[in-house]
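Everything below concerns the one structure shown next.
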2 protein chains.
Amino acid sequence: MTNPEKSPVPPAVIDDSTLRLFIGYHMKRAFNVVQADLTQTLKPFDLRMLTYTALVLVVDNPGLSQSQLADAMGIERPNLVVILDELEHRELIVRDRAPTDRRAYALKATLAGRRLYDKAVAAVITHENRLLASIDDATRSILIKALSEVREHQTT
Amino acid sequence: MTNPEKSPVPPAVIDDSTLRLFIGYHMKRAFNVVQADLTQTLKPFDLRMLTYTALVLVVDNPGLSQSQLADAMGIERPNLVVILDELEHRELIVRDRAPTDRRAYALKATLAGRRLYDKAVAAVITHENRLLASIDDATRSILIKALSEVREHQTT
DNA sequence: CGATAATAATTATGTGAAATAACTAATAGG
DNA sequence: CCTATTAGTTATTTCACATAATTATTATCG
């Protein structure tokens, strides 16, 4: 008689069927791939995901404050400090003083920052299109819409 | 004459239209919501995402080794050690010796581990259904299929 | 057969992304 | 004007993840 309790055979291939029931599992696995690709794509520009995101938002929103930027990025203000320090030391952005509030900074991209933005954004678009090559436009729209709807459940 | 270079008006609402061009941005924002919900859902069971994932895979794959589990979870072997230590100390899993290889462990869930698995899996399913309430079944299938296709670009 | 390579798990250690608490400077509101 | 709030910073912590090195065991190959 068999006794699976005492000596289970080491499975040759791992069954993740339970985990595949969960959308979070699929999202994490897929995002890992996208993030790995993004990291490689940004490496030639000496940008990480966070410095890239901050640069894009500063270029697109000249004059915003650090609090606004941290809020838009979904991180806490203290964590933004080092990110902006890096971008500022590389002279990609400047911390101007806000005209109406001497506590706040008005963040602005420099010309070099805008040029790096142009190149990095183009590179990321190219790389993402490669990752999405097998997915047609209609499906991409559905994907983005579904992800947006999930995001709308944000409680914080 | 206006001079937008010198005193940009602090934008009232932040423009993330460039970032919304990127599927990675949508995936990260959506996953953040799912993960926050998952963390809350697992808290009553004293499980984190990683301990939960490990428990599920051990229950579904009795007898697998730590190397196999680390590979399935996409983490390095050293990082799995503390995760399994925690599950073992709580007597949710055991590290049996593998019958064919005295270096390896044959991981198995205990009865308590399987019971916690049942409750936690049910809770996570309920919570995910809430997050996906506005998304019909056909769209969910498309979403999962698209995420799976992105994942298939895994290079590592 | 025996030396060497490879593998399983562990320990020690480091890094990067997040959070919180506490502080300074400046503004806002009763 | 005095108090509370806000903007930014510093210090510190936690967690997820990685690498290097070590021990024990197994596999390979000359």
* **Residues located in the range A:14-39, provided they are open to solvent by 30 Å² or more (accessible area, probe 1.4 Å) and among the hydrophobic types (A, V, I, L, M, F, W, C)** => A:Ile14, A:Leu21, A:Ala36
* Does B:Ala12 count as within 12 Å of DNA strand C (Cβ to nearest atom) and at pLDDT below 95? -> no
* Would you please name the residue that is farthest from the chain's Cα centre (by Cα), looking only at residues in the range A:58-68 that are open to solvent by less than 50 Å² (accessible area, probe 1.4 Å) and more than 7 Å from every other protein chain (Cβ to nearest Cβ)? => A:Gln66
* **Among (1) of a type in the set (A, V, I, L, M); (2) within 13 Å of another protein chain (Cβ to nearest Cβ); (3) under 21 Å from B:Ile14 (Cβ atoms), the one test that A:Ile135 misses** => (3)
* To do: Determine which single condition B:Val150 fails, assuming it passes every other condition in (1) of a type in the set (A, V, I, L, M, F, W, C); (2) under 17 Å from B:Val34 (Cβ atoms); (3) open to solvent by 30 Å² or more (accessible area, probe 1.4 Å).
  => (3)
* **Candidates A:Arg102, A:Arg95, A:Arg114, filtered to the one that is farther than 22 Å from B:Gly24 by Cα and at pLDDT 95 or above** => A:Arg95
* Asked: Quick one: in the range B:109-145, which of the residues that are in a helix (DSSP H, G or I) and among the acidic types (Asp, Glu) is nearest to DNA strand D (Cβ to nearest atom)?
  -> B:Glu128
* To do: Filter the range A:82-119 down to residues that are within 13 Å of another protein chain (Cβ to nearest Cβ), within 13 Å of DNA strand C (Cβ to nearest atom) and not hydrophobic (A, V, I, L, M, F, W, C), then give me how many there are.
  => 6
* Any idea how many residues of the range A:22-39 are closer than 30 Å to B:Ala123 by Cβ and under 16 Å from the mean Cα position of the chain (by Cα)? -> 9
* Asked: When residues of the range B:74-94 are filtered for being away from DNA strand D (no atom under 14 Å from the Cβ) and either of a type outside the set (A, V, I, L, M, F, W, C) or touching a Leu at 6+ places or on another chain (Cβ under 7 Å) (or both), how many remain?
  -> 6
* **Filter pass, A:Asp71 being within 15 Å of DNA strand D (Cβ to nearest atom), among the charged types (D, E, K, R), in a helix (DSSP H, G or I) and within 11 Å of chain B (Cβ to nearest Cβ)** => yes
* Asked: Which is surrounded by fewer than 20 Cβ atoms within 10 Å (Cβ to Cβ), more than 14 Å from DNA strand D (Cβ to nearest atom), under 14 Å from the mean Cα position of the chain (by Cα) and at negative phi, of A:Leu55, A:Leu42?
  -> A:Leu42
* Structure fact -> Within the range B:74-108, of all residues that are free of Cβ contacts under 8 Å to residues at least 12 places away in the same chain and outside any loop (DSSP other than H, G, I, E, B), the one most open to solvent (accessible area, probe 1.4 Å) is B:His89
* Asked: If you go through the range A:12-31, how many residues are within 16 Å of DNA strand D (Cβ to nearest atom) and either at the interface with chain B (Cβ under 7 Å from one of its Cβ atoms) or among the β-branched types (Val, Ile, Thr) (or both)?
  -> 10
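The values are calculated or read from the model by the stated rules, or taken from the named source; none is laboratory data. This one's a predicted model, so the numbers in the text were calculated from it and none came from an experiment. Positions of Cβ are generated from backbone atoms using ideal geometry, with glycine treated the same way; all protein chains shown enter the neighbour counts. Accessible surface areas use protein heavy atoms only, side chains included; no ligands, DNA or RNA. Shrake-Rupley method; radii C 1.70, N 1.55, O 1.52, S 1.80 Å.
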